[in-house]
Amino acid sequence: MRQAGAYSNLLCGGISGRTGPHSLPLARIKKIMKNSSEDVKMISGVAPIVFSKACELFIEELTRRSWIMAIDGKRRTLNKEDIASAVIATDIFDFLITLVSNSDATDANNTVIQMETI
Amino acid sequence: MAGVREQDQYMPIANVIRIMRRILPSHAKISDDAKETIQECVSEYISFITSEANERCQKEQRKTVTAEDLLWAMGKLGFDDYVNPLAFYLQRYRESEGEPASVRRTSSRALPHALPLSMLQQQQHPFSSAMPASNNDNNFYGVGYGFDFDQGFYRDGVGDGGDASSSAAFVPSFDHFPHLKRDNNNM
C-alpha cells in the first residue's frame with residue numbers, strides 16, 4: 001500500500017511539480033537537519049533533496065493512517081487525536097509518541113500556570 | 001496565551017497541506033491542530049533520521065552526512081519502504097540536471113537491488129521481490145549497495161540488463177561528477 005503511493009508519484013513525474021523542482025524548501029530542510037544535533041557538521045548537496053521526497057512520503061503515510069482513524073470515528077474532519085491514534089498504532093512512528101501526547105500535556109500545563117498567576 | 005511558533009523550524013504549512021490533500025478525499029476537512037501536528041511530526045522525522053545518519057558518520061569518522069547515510073538510517077529505523085522510491089527519485093533528479101549520457105553510462109554493473117522502471121511497471125510488488133529476505137545487517141545500504149549518491153548513480157548501457165542479478169557491487173573510486181557537486185564542504 002505504501003509502495004504503490006510512492007511509485008505512482010514517481011511515474012507521474014513527481015519531480016517537476018507545480019511549485020518547482022522540489023515541493024519542500026531545501027534551505028529549511030537543511031536548517032532542521034543542522035538543528036537535529038550539536039555535532040552535525042557538513043551535509044552533502046543532495047541530502048536535503050532526498051529529504052524533500054522522503055518527507056512527502058512520510059506526510060502521505062501519516063495522513064493515510066490518520067484518515068483511517070477519522071473514518072473509524074465516522075468523521076470527515078481529520079483532527080489531532082486521529083494522528084495520535086495512527087502514531088500509537090504504527091511501530092515505526094514510535095519516535096513521535098512523545099510529540100503527539102506532549103502537546104496535550106503542554107497545553108494543560110500552560111493553562112495551570114496561567115490560572116495560578118491570576 | 002500560547003507561545004509563538006517558530007515557523008522556520010517547520011516545513012511551510014501550505015506545502016504540508018498540499019501533500020496531505022493528495023491522500024485525502026475531496027470532502028475531507030483538516031483541523032488546524034492536525035495541520036500543526038503533522039508539521040511538527042515532519043520536523044521530528046527529519047531530526048530523527050539525521051541523528052541516526054550522523055551517528056554512523058561519526059563512527060566511520062566522516063564529516064559529511066550523505067544521501068546514502070540518510071537512506072541507510074531510514075532502512076535501519078523501519079522506513080525501508082521509502083528507500084527504493086528515493087533511489088529512483090535521486091536518479092531522475094540527476095538525469096534532469098542534464099548529465100550527459102556518456103558520463104552516466106559506465107561499465108559498472110547495474111544496481112543490484114533497484115529495478116529498472118520498466119520492470120516496476122510490470123510488477124505488482126517490486127519491493128518484495130527485490131529486497132533480500134533479511135536486511136538486518138547494518139551495512140545493507142552501505143558499501144554493498146552498489147552506488148554512491150554523491151559520486152553518481154551508475155548503471156550499464158541503455159536497454160542492457162547486464163549483471164542485474166549480481167550482488168557484488170562495484171563502487172568506483174573516481175568522481176564522475178565534480179561539476180555536479182554542490183558545496184559539499186560548505187553546507
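Taking the fewest neighbouring Cβ atoms within 10 Å as the starting point, the ordered list for B:Thr50, A:Thr90, B:Thr64 is A:Thr90, B:Thr64, B:Thr50.
Listed by Cβ neighbour count within 10 Å, with the fewest neighbours leading, A:Glu56, B:Glu36, B:Glu68 appear as B:Glu36, B:Glu68, A:Glu56. Cross-link partners of B:Lys63 among lysines, defined as those whose alpha carbon lies under 30 angstrom from its own and excluding same-chain residues fewer than eight positions apart: A:Lys30, A:Lys31, A:Lys34, A:Lys41, A:Lys53, B:Lys76, B:Lys181. For the peptide A:73-86, the mean number of other protein chain Cβ atoms found within 10 angstrom of a residue's Cβ is 4. Sorting B:Asp32, B:Asp80 from the fewest to the most surrounding beta carbons within 10 angstrom yields B:Asp32, B:Asp80.
Computed from the coordinates by the stated procedures, all read-outs in this text should not be read as laboratory data. Computed from a prediction, not measured in an experiment: that's the story for all the values here. Note: ideal-geometry Cβ built from the backbone for every residue, glycine included; neighbour counts use all protein chains shown.
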